[in-house]
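Notes follow once the structure below has been shown.
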Amino acid sequence: MKKINMLLVAVVISCLSLTAKAALLAQYEVSNYSGGSHGLWAPDYSPAFFSLNGTFSIFENAGVITGELVATGSNGTNNATINILLEDFLETYAYKKENGVDYAADPSLYDSTEIAAYNNIDIDFFETLSGTIDIDGTLFTVANCGPCGYGFQFGMGANAKTTDEFGGSAWISNQFHTGTQHWDLNLAFTPSQNSVDEPLSAFIFGLGLLGLGLARKKSRKV
């Protein structure tokens, strides 16, 4: 009888450990932002523009949202392998718009189309970025550029180059850079075969966050 009870306990523990594993909420194919020749900008190399392909995945484990960016790329001369973990999910953080001053800072700099696009921006963030970028055997240990004041942002209008594309971007540092010196990620995301089509995936992702007590809202903090 004791052996049967112990077996039942083992089965329960096994089942609990399985349910504790991270669940895939959404997965996207990664490419360069629209109209751009690069997904990674690494100024230590010439040319500095690396075209990327890979996956961006979002997971949930015990109420914690994390992300993973896995990609490979080339600048025509050098080859890069990217493995980045994204943590500390936030719905509101510092929104980085590289092409000009943010609309909220000076509305007079934008026309009506740009203002409309800005008002439709819906972005989420990972405050913490860590991992590696290997370029032809040189291993760069990367992190978000803390002094730059930004993390990794993703969503509609998040690739820092266009306001009407679903993507992501970040300024990243490594052990060879200090202060606000940085590399760039500017990416476009499309649903992968392991994810349902947009906008349904975004809707399901939103329901998941609601279930965790994280109500989605517009994120346009400057």
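Scanning segment 64-92 for residues being open to solvent by less than 50 Å² (accessible area, probe 1.4 Å) and at pLDDT below 95 gives a total of 1. Scanning segment 28-63 for residues that are out of contact with any Pro (no Cβ under 9 Å at 6 or more places or on another chain), open to solvent by less than 70 Å² (accessible area, probe 1.4 Å), not in a strand (DSSP E or B) and not small (Gly, Ala, Ser) returns Tyr33, Pro43, Tyr45, Pro47.
For segment 110-163, the tally of residues that are in a loop (DSSP other than H, G, I, E, B), open to solvent by less than 20 Å² (accessible area, probe 1.4 Å) and over 22 Å from Gln181 (Cβ atoms) stands at 3. Among the residues of segment 165-181, those identified as open to solvent by 40 Å² or more (accessible area, probe 1.4 Å) and under 21 Å from Tyr93 (Cβ atoms) are Phe166, Trp171, Gly179, Thr180. Across segment 70-88, what is the total count of residues that are touching a residue at least 40 places away in the same chain (Cβ under 8 Å) and under 19 Å from Leu129 (Cα atoms)? Qualifying residue count for the region: 10.
Note on segment 139-159: residues that are at positive phi and touching a Leu at 6+ places or on another chain (Cβ under 8 Å) total 0.
If you scan segment 151-162, which residues turn out to be farther than 13 Å from Tyr28 by Cβ and at pLDDT 90 or above? Selection gives Gly151, Phe152, Gln153.
The values are calculated or read from the model by the stated rules, or taken from the named source; none is laboratory data. Computed from a predicted model, the values in this text were never measured in an experiment. Because the Cβ atoms are built from the backbone with ideal geometry, glycine has one as well, and the counts that use them run over all protein chains shown. We work out accessible area using only protein heavy atoms, side chains counted, and drop any ligands, DNA or RNA first. Shrake-Rupley method; radii C 1.70, N 1.55, O 1.52, S 1.80 Å.
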